[in-house]
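See below for the structure under consideration.
The values are calculated or read from the model by the stated rules, or taken from the named source; none is laboratory data. Just so it is clear, the structure is predicted and the values come from calculations on it, not from any experiment. Here the Cβ positions follow ideal geometry from the backbone for every residue, glycine too, while neighbour counts run over all protein chains shown.
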Amino acid sequence: MTNENKDPNKSAVGLKYDAGSAPKIIAKGYGELADELIEIAQQNNVMIHQDQELVKFLHQLDLGQEIPKDLYLIIAELIAFSFVLQGKFPENWKDAHHTINTKS
């Protein structure tokens, strides 16, 4: 990709989630740095979600800072959805279909 095609206003924010703690900001950047962050995420099979308003808000946070409680629900939904897309399910979901079938 040439510099002509690069958007200097493009932005990206990387979050890291470890069970037991709130997701943290681990990377953020604009322009070419944003492109590099996205490329690294793609190379490492990290799920990417595009939401300009969410990224704008997350850019206001410092590196290493946990996301605020106001964002817990939306970030939890995104994390849960990415796990499902990867075929990862919570242990208590293992027999969810069996439970539904036996109650009808």
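Checked against (1) modelled with pLDDT under 95; (2) surrounded by 15 or more Cβ atoms within 10 Å (Cβ to Cβ); (3) closer than 23 Å to Phe83 by Cβ, Lys10 meets all criteria but (3). Does the stretch 22-45 contain at least one residue that is outside any helix (DSSP H, G or I) and at pLDDT below 90? Within the stretch 22-45, one or more residues are outside any helix (DSSP H, G or I) and at pLDDT below 90. Within the option set Leu63, Leu71, being modelled with pLDDT of 90 or more and surrounded by fewer than 15 Cβ atoms within 10 Å (Cβ to Cβ) holds for one residue only, Leu63. Ile74 - would you say it is out of contact with any Pro (no Cβ under 6 Å at 6 or more places or on another chain) and among the β-branched types (Val, Ile, Thr)? When the stated conditions are applied, Ile74 passes them.
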